[in-house]
1. For segment 147-164, in order, what is each residue's ³J(HN,Hα) by Karplus, 6.51 cos²θ - 1.76 cosθ + 1.60 with θ = phi - 60°, in whole Hz (x at glycine and Pro)?
2. Report, in deg cm²/dmol and to the nearest 500, the calculated mean residue ellipticity at 222 nm for the chain, where each DSSP H run with n ≥ 4 adds -39500 (n - 2.57) and the sum is divided by the residue count.
3. Pull up the cross-link candidates among the aspartates and glutamates for K178, meaning alpha carbon to alpha carbon under 15 Å and not fewer than 8 places away within one chain.
4. With a ≥ b ≥ c the root eigenvalues of the C-alpha gyration tensor of segment 27-100, is it rounded (a/c under 1.5), prolate (a/b larger than b/c) or oblate?
5. Label segment 65-126 by shape, choosing from rounded, prolate and oblate, from the square roots a ≥ b ≥ c of the eigenvalues of the Cα gyration tensor; if a/c is under 1.5 it is rounded, and otherwise prolate applies when a/b is larger than b/c, oblate when it is not.
6. Charges only on Cβ, +1 for Lys and Arg, -1 for Asp and Glu: so what's the dipole of segment 1-91 about the Cα centre, in debye to the nearest 20?
7. What do the square roots of 5 times the Cα gyration tensor eigenvalues come to for the chain, in whole Å, largest first, as semi-axes of the equivalent ellipsoid?
8. In nanometres, what is the gap between the two model label sites at A102 and L66, each 7 Å from Cα along Cα-to-Cβ?
Amino acid sequence: MRYGMGAEVLQDISFTLDPGSFHFLTGPSGAGKTSLLKLLYLAHRPSRGLVTMFGDDVTSAPRSALPRLRRRIGVVFQEYRLLDHMSAIDNVAMPLRIAGGADEAKIREHVEELLIWVGLKDRMHARPPTLSGGEKQRVAIARAVIAKPELLLADEPTGNVDPDMARRLMHLFVELNKLGTTTVVATHDLELVEEMGGAVMQLSAGGLTHSPASEGQIRNPHRPHKGLTP
Ligand SMILES: Nc1ncnc2c1ncn2[C@@H]1O[C@H](COP(=O)(O)OP(=O)(O)OP(=O)(O)O)[C@@H](O)[C@H]1O
């Protein structure tokens, strides 16, 4: 992958994410973690090579096919990308409203429950510009997981919260993963990676220096979260 006419920022990377697996993506700043997630989110196409997603080659998929594919992916962006004119509740409810099929009262109940769980009981009606960095991060995470996507991509999702909340949010990802969501979490927090015990993909200077030999199962126990049970 390269940006424009620049040098390649990712080279000769080959891996498969088994359905339902959980992977951490680590590596120093600038190694290419965000760039790799952009390939997986279909925000960028590789300059050479192949990306297949849900069994289909998406490298040459028409642009018109991308929104439908992206609806199957939940993303926590490093810069959150919340809609500033909407409340936290409405930001989080968006994937459910776009998916359709659920009645508004149920959506609201589900969203409120999740926002309470991530510690935003008193900030649900606030708009993103009035939220702290850590609060915005939690809204972004809630939005990414609310519709139980098939694939969850999270870019440094706990970078702005304290260690206890970081653990709580990781357990939310684990809980979702147990429901079948394939998960990739890019993080600098090696202590948390060690504690959670998932498979690790390690990037260094644009190459994968360590990729999981095994199936990417998280080994540690977790606290149950009722809102994400089927
Ligand atoms: N939009 C862009 N245009 C040109 N180069 C870019 C762009 N975004 C990132 N890069 C370059 O691509 C390389 C990989 O960056 P990337 O953001 O993927 O790394 P990262 O591992 O996610 O870093 P961090 O941990 O700091 O978020 C870096 O050399 C970076 O300077």
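Computed from the coordinates by the stated procedures, all read-outs in this text should not be read as laboratory data. Not measured: the values here are computed from a predicted model. Positions of Cβ are generated from backbone atoms using ideal geometry, with glycine treated the same way; all protein chains shown enter the neighbour counts.
1. Here the 3J(HN,Hα) series is 9, 6, x, 6, 10, 10, 10, 10, 9, 6, x, 10, x, 10, 10, 6, x, 5 Hz.
2. Value at 222 nm, helices only, nearest 500: -10000 deg cm²/dmol.
3. Answer for K178, where 15 Å is the Cα cut-off: D18, E150, E215, listed by chain and number.
4. On the way: a/c = 2.78, a/b = 1.34, b/c = 2.07.
Since a/c reaches 1.5 but b/c is at least a/b, the shape of segment 27-100 is classed as oblate.
5. Details: a/c = 2.00, a/b = 1.28, b/c = 1.56.
It is oblate, given that a/c is not under 1.5 and a/b is not larger than b/c.
6. On the way: 11 positive and 8 negative charges, 45 e Å.
Taking the Cα centre of segment 1-91 as origin, the dipole is about 220 debye.
7. Numbers: eigenvalues 154, 83, 60 Å².
Whole-Å semi-axes of the equivalent ellipsoid: 28, 20, 17.
8. 2.6
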